[in-house]
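Just so it is clear, none of the values below were taken in a lab; they were calculated from the coordinates. Predicted model only: the values in this text are computed from it and were never measured. FYI the Cβ positions are ideal-geometry reconstructions off the backbone, even for glycines, and counts take in every protein chain you see.
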Amino acid sequence: MFYYELREGDDDVFAELLLAREDEMDAESFFELVQSIRRRIQDSYRHGTLIEAIAEELEQDHEFISISDERLTASVNVSMADEDNFLGTLDPEEDEDPEGADYRGIFVDFAGDGTRPN
């Protein structure tokens with residue numbers, strides 16, 4: 001199995017997606033394939049991100065498998081402390097905030113002035 005990555009974003013927001021394929025494709029050929037798909041669909045895709053749209057094309061037409069959360073079979077949290085080891089839930093409804101919050105995290109790097117400890 002060979003693995004490939006698609007990344008999208010800039011210095012502020014970033015997304016990545018992993019793909020797998022049984023037959024190896026050299027990096028330059030993969031790049032050219034992704035670019036040809038991007039040029040064709042960049043103004044008309046229906047997905048949340050461009051990389052998701054490209055991944056769908058790679059999966060449908062070029063024998064790639066998109067490695068996404070929807071394909072997870074198990075999630076295990078591993079820690080040195082016994083109480084922090086557990087089997088995670090994969091059902092999004094079980095993980096929902098009781099307040100019903102729907103959010104995404106964003107990491108922000110602020111330049112510090114040296115007066116704050118964090």
With Rh as the Kirkwood radius over Cα pairs, the stretch 2-70 has Rg/Rh of 0.94
Derived scalar couplings ³J(HN,Hα) [the stretch 32-39; Karplus, 6.51 cos²θ - 1.76 cosθ + 1.60; whole Hz; x for Gly, Pro] | 5, 5, 4, 5, 5, 5, 4, 4
Could you go through the stretch 59-76 in sequence order and give the Karplus-derived ³J(HN,Hα) for each residue, using 6.51 cos²θ - 1.76 cosθ + 1.60 with θ = phi - 60°, rounded to whole Hz, and x for Gly and Pro?
-> 6, 6, 10, 9, 6, 8, 10, 7, 8, 10, 4, 4, 9, 5, 9, 8, 9, 10
Relative contact order of the stretch 2-70, pairs being alpha-carbon contacts under 8 Å that are 6 or more residues apart, as % | 35 percent
The stretch 1-87: trypsin sites (Lys or Arg not before Pro) in DSSP loop, at most 15 other beta carbons within 10 Å = Arg46
Given H placed 1.01 Å from N in the peptide plane, which residues other than close sequence neighbours of Ile67 have an amide H under 5 Å from its amide H?
-> Leu18, Leu19, Ala20
